[in-house]
1. Every residue in the range 127-171 that is at pLDDT 95 or above, of a type in the set (S, T, N, Q) and either surrounded by fewer than 17 Cβ atoms within 10 Å (Cβ to Cβ) or under 28 Å from Val373 (Cβ atoms) (or both), please.
2. Mind checking which residues of the range 237-262 are surrounded by fewer than 20 Cβ atoms within 10 Å (Cβ to Cβ) and hydroxyl-bearing (Ser, Thr, Tyr)?
3. Of these, Leu150, Leu171, which one is touching a Phe, Trp or Tyr at 6+ places or on another chain (Cβ under 8 Å), under 23 Å from Leu283 (Cβ atoms) and not acidic (Asp, Glu)?
4. Across the range 43-68, what is the number of residues that are among the hydrophobic types (A, V, I, L, M, F, W, C), touching a residue at least 12 places away in the same chain (Cβ under 8 Å) and not in a loop (DSSP other than H, G, I, E, B)?
5. Just checking, which of Arg362, Arg304 is of a type outside the set (A, V, I, L, M) and in contact with a strand residue (DSSP E or B) (Cβ under 8 Å, 6 or more places away or on another chain)?
6. Please give the number of the condition Met110 fails out of (1) farther than 18 Å from Asp292 by Cα; (2) exposed (fewer than 13 other Cβ atoms within 10 Å of the Cβ).
7. Restricting to the range 340-383, name every residue that is closer than 19 Å to Ser281 by Cβ and of a type in the set (A, V, I, L, M).
8. Name the pairs: first residue in the range 224-240 and touching a residue at least 40 places away in the same chain (Cβ under 8 Å), second residue of a type in the set (Phe, Trp, Tyr), Cβ to Cβ under 7 Å, at least 6 apart or on different chains?
Amino acid sequence: MAFLMGPRQVGKTTLASSVVESSSSNFYFNWDRTDHRLLFIEGPEAIARQAGLMELRKDKPILIFDEIHKFNRWKLFLKGFFDSYEKLTKVIVTGSARLNIYKKIGDSLMGRYFYYRIHPLSVAEIISPQLIDGEIRLPKEIKTADWEALLEHGGFPEPFLQRSKEFSRRLQSTRKDQLLREDIREGTRIQELAQLEVLTELLRYQAAQAMDYQSLAKKVGVAVDTIRRWLEVLKSFYFCFSLQPWSKNISRSLIKEPKLYLWDWALIEDIGQRHENFIASHLLKAVHFWTDRGLGEYGLHYLRTKEKLEVDFLVTREGKPWFLVEVKSKAKALSPALYHFQEATQAAHAFQVAFDLPYVDRNCFEEKGPILVPAKTFLSQLV
């Protein structure tokens, strides 16, 4: 089985539906449809019968189970279905938070699935959606209109394609209501939704900063432990994500304070914070994709010492530093921190990525020492 995990409206269902439409032998089942829900409740045999799995076929049909995580017995259903019909079909399961949580508690399905994390659109994907064999692409310039739309409206497909401020605001409002009043209310025991909504608004201004739990707790009017618990819920529902500091071989490094970013960078008003979140989202998409595809084990961190010497991002490969990234809205002299941390980590590359520099048709990963690179060039070489 393949699990497609990611936030609402990121394109999971569209991706799965395109698989169904590729052949009349494939089938799509959605928990939100009453007739499909009755089949799920009846059990694996009912789904198999509806899909005609006992009929002789040239190729295995592909079955898509959408929103099945809303079924309170979905884990038992999947295990039973897989064990009974593994040789007769292939299965794609789509979902958001609970599939992510399930990764931590799902030993009953261990060995029965691969998971793939679906992210918003990125620079490289917009330029060329075709896959490559390795990790790093050759650079290619993105159209100016696409670049500006991606920065302003975010990478969720609908607002990116519509390119309307009014549409983007309406969709952001709808997504927030669905998150709070459907996903979280139905999927957790949190009752204080009004205070949780205040927290989501505060996080729009907290993005790209180290977490200050005490300050957030005071502003929201709850205990620090409650803030920590709510943030984990928001992360599990793909509202935000956090990065941990890298401390190996770093003298006097911070070891506990995470930095927080939003999945939808269009929610962030401050341009500097939005730029950093934009890069963070692209890097997270890259490390997730490389890992999920089986190219290796990749990680994303930041670097900071107690003396406040900092570099925004460190990408690791097989547990070892690979490249450093410092983000600047405007081109400036290279940060001394890049030199310091490249020497300390022995990372192969150190980039200072600037948003105001024009595209340069040059592979920046050919450079070893700290170097100033255009954001358009750097991001075009990722995923």
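1. Ser128, Thr144, Gln162, Ser164
2. Ser242, Ser247, Ser251, Ser253
3. Numbers: Leu171 fails: under 23 Å from Leu283 (Cβ atoms).
That would be Leu150, the only listed residue that is touching a Phe, Trp or Tyr at 6+ places or on another chain (Cβ under 8 Å), under 23 Å from Leu283 (Cβ atoms) and not acidic (Asp, Glu).
4. Within the range 43-68, the first condition is being among the hydrophobic types (A, V, I, L, M, F, W, C), and the residues that meet it are 46-48, 51, 53-54, 56, 62-65, 68.
Checking the rest, the ones that are also touching a residue at least 12 places away in the same chain (Cβ under 8 Å) come to 47-48, 51, 53-54, 62-65, 68.
Filter once more, so that each one left must be not in a loop (DSSP other than H, G, I, E, B): 47-48, 51, 62-65, 68.
The total comes to 8.
5. Values: Arg362 fails: in contact with a strand residue (DSSP E or B) (Cβ under 8 Å, 6 or more places away or on another chain).
Checking each option against the conditions leaves just Arg304.
6. Among (1) farther than 18 Å from Asp292 by Cα; (2) exposed (fewer than 13 other Cβ atoms within 10 Å of the Cβ), the lone unmet condition for Met110 is (1).
7. Val353, Ala354, Val373, Ala375, Leu379, Leu382, Val383
8. Tyr238/Trp263; Phe239/Trp263
The values are calculated or read from the model by the stated rules, or taken from the named source; none is laboratory data. Since the structure is predicted, the reported quantities are computational estimates derived from the model, not experimental observations. So basically every Cβ, Gly included, is an ideal-geometry build from the backbone, and we count neighbours across all protein chains shown.
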